[in-house]
Structures are given as C-alpha cells and as structure tokens.
C-alpha cells in the first residue's frame, strides 16, 4: 500500500529508507526562487563556481521587492536577470506575479519534485507535486544537481467528506486545521488530503490549503492529481503534462484525521498568530480599518471574482481601505476581461500591482492598532509594516463582507445570494513576461551585473573545540523569522548585503542586539541565543541565520526548532542544541555566560558538547545527522561541498 507522498518520494529517492525519522535524499526536478531570497541563492551559485543549472527546470520570480524607492531593488532585478541568463534559469519579470500561482499556471506538473527558497513552496502540492520550502543554500545545491536531504516525515492523511456550504471557502478549511492543531501541529509531517470531499475542490482551492500548510509547520502538503487537476492544466494549455496520481489505499497513513466540509463555518485567525483561530461570529461587530484580498494564500481568479460580485454596484464603508492585490498579470487581465475589476474599482477598491506587496510588509501597512482583515498566510507581529498592528486572517468572503459594513462581518448574514464563481475554462493566457533560458552556448562567460548594494557572501570560520559565549537574548515560544530578521521595504532592499542587513537583526525584540553582538564578538568568542519552542517558524529566509552568524552567533539553545530554520543553522555553521530542562532554561538570563567544551570530539562521536552554565552542567540534546555534523565541522554547507568537490 502506498499513499501519494510515498510514491513521489520513492520515484525520486537517492538515498535512505522511506520510514519516518530516517534521513533520506531525494532528486529535485524544479527549483523556485524569489527576489527576497534569490539574490543570495545566485551569490551562492557564484561561490560554487556553477556553469549551468542541472535541474529539469529552475525559475526565478521577481515578486517581493517591487517598490522602487531607490536604486537597490531595480539594481537587484538586473542582477537576477543576468544570473538567469548566465545559468539557464527562467526569469519572471517584475509585475508578472507571485511565484506560487505563476509556477502552478506555467510549469507545475503532477509527479514532480520542487525545492523553493520560500516557505510557501508547498502550494504546488495542489497539482500532485512534492514541493518543499528550504533555505536558499539547499536550493542552490539542488540547482547544482545535488539531492535534497531531510528526515522522512510521517504522512498525515486528512480525509475530506461532504462539500463546502455557501459563504465558506478553502481558506476556512486550512483555518480549521490551524484551529485544531496550532502552528506546530504539522511538524515532522507531510499532510495528504484524500477522500470524496477533495473532488469538490478546484485546483486553486487546493492551492489555498497547501500554501498555508506551512503555517502548521508541515514539511509539505500533497493533493491527488485527479480530474480537477486535469481541468486546470487544460485551461492553461498544458493538459499534455497531466498524469493521474492517487493513493492506493485510504488506510496507508501514519496519522489520520477527518474533516466534514459541510460542517465548516467562516473562521478567522486573531492577532498575532495563524493558529489563534475562532469563528467569525465570535468577533463580529468589531470595527475595521482595512480589508485586503490577494497574496499567495488566496491567489485564484475566484478569490477576487467572488469579492467583486459581492461589492458590485455597492460602495465599501468610508472608513475602510479596501486593498486588492492581484497575484498574477494573467489573473488581472482575466478580471479586466470579465468586468470584475470594474466592479472592484467602482466599489472604492485600491488596486495594487501583481506581487507579494502587503503580505510581506511592502506597502499597504494598516493604521496603528486598527484591525486589518487580510487573506494573507501570516499575521506575525509587525509583519504588515506597522509595529503595533492588529492583523486578522480570513477568507475573501469575510474580508469583502466586512469591507461593505465597516465591521467584522460573518458573510452569511449579508442580504444577498452567495456568488458562486468558477475559474474560466478558457482564460486569457499571459506568457510574454516569462523569459526562457538562453541556449547554453550563449551563456558561457556571461558576467553578473552587480549594483553597488550587492556584496559577496561573508566567509565563516569552523567551530573551535571550546566556546565561551555571552547570552545576548532569551526569547519565548514561536519566535518567527520575521522577528529575527524583519521583512518590509526598509529591510529587504539589503537582502544581498549581509553587513547592512545585519543591522536590523531582532529589531522588534531588542534593537540593541546588533551592537551588543559586535561587542561580544570583538571581546570574546561570540554569543548564544536561548529560545523556547518552535524557534524560527515562518519564512524560509536564511538571512535570519546568516546575519546573526555574521554578528557572532555560534549556538542556539532552544526547546524545539521549526524545520527550515533548524536546517539553515548548520548550513551556516551555527550549532542547534535542544534544552531538555525547563527549570534550567528559566535560570538563564541576559549577561550570563555559557561554556561549550569538547565540541569537536563530541560532535564526531555524535554527542552534544559539554555545556556549563554558572559551573553547572546543562542537559542538552543534539539531533544532527552524520552529514550535518560534517557540515558543521567544515564551517557550513558551502565549505563542505567545496571540500567534497576538491577531494573528488
């Protein structure tokens, strides 16, 4: 018996056994990079000395950093275009759209694997792909033809029965999962949806659910490739890549769950976590400032068209900023052709360019302390661009209903019929904003176009045998990479300049951290960070490791780690250790010193270092594979790969 995830892994297995917990390596067919993380990926390819990508297909999207307030973002766009021409990568121009729906429209195919330097890469699981988010360095290695290593997850089978009732949509399905399991409930698991209810969901509905599986901490999400997928691919003129992919048996899962779609109601995640989910009825009546529809978490034509039908011939409340964020140029053109964009604009909507925009704090920031309803995937503190924000996550139906009334509104209470909208069977297809790879013979010797803000990657030294580290920060549970390394239009333009972007590390937690870290690095061995559970949740951005490492971070002691961040730490020579005694954690305060001894010999023996705090031994555990130990001993993944290539 095999489920879909096991079939996908078996077809791409390079090393290891398909049993939960075992380390495995899989071949990667596609890679996805975007401009917030892609600049580092290209600098890493340069450091590797790569001649040309060795994947079936690699695509670079310009979707995050679209605001051109000065030279930095446009300079980086030129750099990324030159990198695509040099290494044989597809280039999606600024304004073409968000990476995830565009890749689904133009390149996704059932049965393929994909690694992306974006945590929402699993959205491609909507087509029957095995798509995993990872740090940029892991993606760079996949582009160089290396397999991707991970611990084999458990397969969590979620059976869907019934059909969604009016005013309830796919966003409410994933919010129900978050209501049940919170932001770490999917850790160490692949979520696979199956059962008769799946057939009632379109491919883009499945995209919504698969995208936000990342908020559960899941490795990825998988749906079957069935008639709905065939229909979607046919509408994109790509039915020829369709292959049916279904599970052999509904019982072939490590963990099981059931959701009756017909029993669901409109849901909403309160500030400031995607897992803080309640029924919309529980908060109905609260006044709002903003209703925002779009992002990779609700990217489909129907998500915007439903809202358009709801506000048609009506005006949104005068206190509400009704922000419409088209997710691709193709969807925007179809909304124009079908008249839906006119309905939105006439209602008072504010139209933004096709891209990530407000989802990652690039514009559309809400007023201080006022409620912003958003169809985006995350509402971490300050992610919107407003420090004291109050962001709620909801469906397009709830956002549009609330825009009309000026208060949080259960859409079922509106005096109107539910507008059932489907994807166009023959949409306008937009392909001319995608630039294909140059022939290999034309790529040889091409130079990278580097603006003044692009700085080569810093080099990091190897771990010594003993470290005496200052405790610079002690943080609680569920600290996100947004809190470690903020996004937004102040910070992300420095994404290709580690010395500059490091000045923003932990800005919202402790703005003195960068200066204190530099002092600890100058006066001693560097520093250690103490954290609670699920440390590093959220975005895959490896800046959240590289910048603190540049400032002297050598070890993170946490109760537990989020998957991608945990994998990024050894990639750049930072040792992740797990604290097992809560009382010991509570006793560690700022200005303490922690000593790590016998580091090298213990690592080689598969044991954690000897750790002392105030002379007393700390109980710590280490969950590193032999390969990760080698990487740490070499000072990071780039050094490790260079040594292998030179010794070969």
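Read the figures in this text as sums done on the coordinates, not as results from a lab. Treat the numbers as computed from the prediction; the structure is a model and nothing was measured. Methodologically, a virtual Cβ is constructed for each residue, glycine included, from the backbone with ideal geometry; neighbour enumeration extends over all protein chains shown.
Details
- Computed from Cα atoms, the angle from the helix 170-181 axis to the main principal axis of the chain rounds to 40 degrees.
- Exposure proxy ranking for 624, 127, based on other Cβ atoms within 10 angstrom of each Cβ and starting from the fewest, stands as 624, 127.
- Region 602-634 and region 330-364 have Cα centres separated by 51 Å.
- Relative frequency of Cα-Cα separations exceeding 20 Å in region 218-296, percent: 62
- Highest-first arrangement of 92-98, 10-16, 591-597, where packing means the average Cβ count within 10 Å: 92-98, 591-597, 10-16
- Where a label projected 7 Å from the Cα of residue 18 along Cα→Cβ would reach, residues of region 178-219 with amide N under 19 Å: 188-195, 219
- Each of 212, 362 was scored by other Cβ atoms within 10 Å of its Cβ. Arranged with the fewest first, they read 362, 212.
- Region 467-647: radius of gyration and largest Cα-Cα distance (Dmax), Å: 15.6, 47
- Gain in span if fully extended, residue 56 to residue 258, counting 0.36 nm per residue against the direct Cα distance: 69.1 nm
- Restricting the calculation to alpha carbons of region 73-129 gives Rg and Dmax of 12.6, 37 angstrom.
- Average silhouette area of region 274-413, convex hull of alpha-carbon atoms, in square nanometres: 7.3
- Residues 391, 430, 139 arranged by fewest to most Cβ contacts within 10 Å: 430, 391, 139
- Full extension of the segment from residue 607 to residue 342, taken as 0.36 nm per residue of separation minus the current Cα-Cα distance, would add 89.1 nm.
- Helix 35-48 vs. the chain, principal-axis angle (Cα, 0 to 90°, nearest 10): 40
- Helix 396-405 axis, angle to the chain major axis (alpha carbon atoms, nearest 10°): 60
- CD proxy at 222 nm, helix term only [per DSSP H run n ≥ 4: -39500 (n - 2.57); per residue of the chain; nearest 500]: -8500 deg cm²/dmol
- Its Cα gyration tensor gives region 215-259 an equivalent ellipsoid, and the semi-axes of that ellipsoid, as √(5λ) in whole Å with the largest first, are 26, 14, 9.
- One quarter of the convex hull surface built on the alpha carbon atoms of the chain amounts to 26.8 nm², the projected area averaged over directions.
- Peptides 453-461, 265-273 ranked from most to least packed by the mean count of surrounding Cβ atoms within 10 Å: 265-273, 453-461.
- Peptides 47-59, 99-111 ranked from most to least packed give 99-111, 47-59, packing being the mean of other C-beta atoms within 10 angstrom over each peptide's residues.
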